[in-house]
Amino acid sequence: MSRVRTSLPTPNIFWRRLYEGFFINMMKKFILYIIERAFARFFILKMIKKKKYNKDIIAEKIEKIAMPLCQSENIELVDTKCFFDQKKMIIRISIDTPKGVTINDCVNINRQLGDLIDVQMEELESYRLEISSPGPSRPLKKESDFEKFKGHIVQIETSKFVNGQKRFKGILNGIKKGVVELGINKKTYSFKMELINKARLA
């Protein structure tokens, strides 16, 4: 009568197999997690590019988040722009103060605003936040801007043709009741705020 002998694994082999099985299982889960994250990021970027969630909406939301922060720091929020650079969202914000902007001002706003964006806009997984002064070509957006820089040379671009053109450059004479006045060659041109597409210091 023959007997079939079965051998049990030694303790060392048993624990090694158990460890290998656990390690392989964890690696599978980790790889699946990475793939899911990659697909999620891909579809979010694709959705943004299709303008289901466009850059103008993002800029508007970020400006609403940034405005109270800047006010609490006695800093003026001048402009907010969002655009793509190699599939990454770039958020560019310009700030100003009566005494100018320092590096510490930019670092302070960048740190605080970055934390707020991470909490309130979780859909933006990949972005770069840039804070800077407006520079010599500062944009003019608010009515107070057109009064503040009265006497400066500015460039204005309108959404519709005015006297056969859309771009104008002249001396800013201020703003009255929502109408911007620009002096060009001893003539005064008037533009309603809603007609101005872009305006900046020249």
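We did not get these values from a lab; they are worked out from the coordinates using the rules stated. This is a predicted model, so every value here is computed, not measured. Note that we place each Cβ from the backbone using ideal geometry, even for glycine, and neighbour counts take in every protein chain shown.
A 28 angstrom limit on the alpha carbon distance is what I want to check against. Which of 61/176; 99/192; 142/186; 148/198 exceed it? 61/176; 99/192, as the Cα separations exceed 28 Å there. Relative protection proxy for 113-122, 138-147, 193-202, from highest mean packing down: 138-147, 193-202, 113-122 (other beta-carbon atoms within 10 angstrom). Of the residues 95, 153, 131, the one whose Cα sits farthest toward the positive end of the charge dipole of the range 88-158, with +1 on the Cβ of Lys and Arg and -1 on the Cβ of Asp and Glu, is 153. Using only side-chain charges placed at the Cβ, +1 for Lys and Arg and -1 for Asp and Glu, the dipole size of the range 55-132 relative to its Cα centre rounds to 180 debye. Between residue 65 and residue 173, the contour length at 0.36 nm per residue exceeds the Cα-Cα span by 35.6 nm.
The amide H of residue 133, built 1.01 Å from its N in the peptide plane, has 95 as neighbours under 5 Å, considering only residues 5 or more places off or on other chains. Label-to-label distance for residue 34 and residue 102 is 4.5 nm, based on points extended 7 Å past Cα in the beta-carbon direction.
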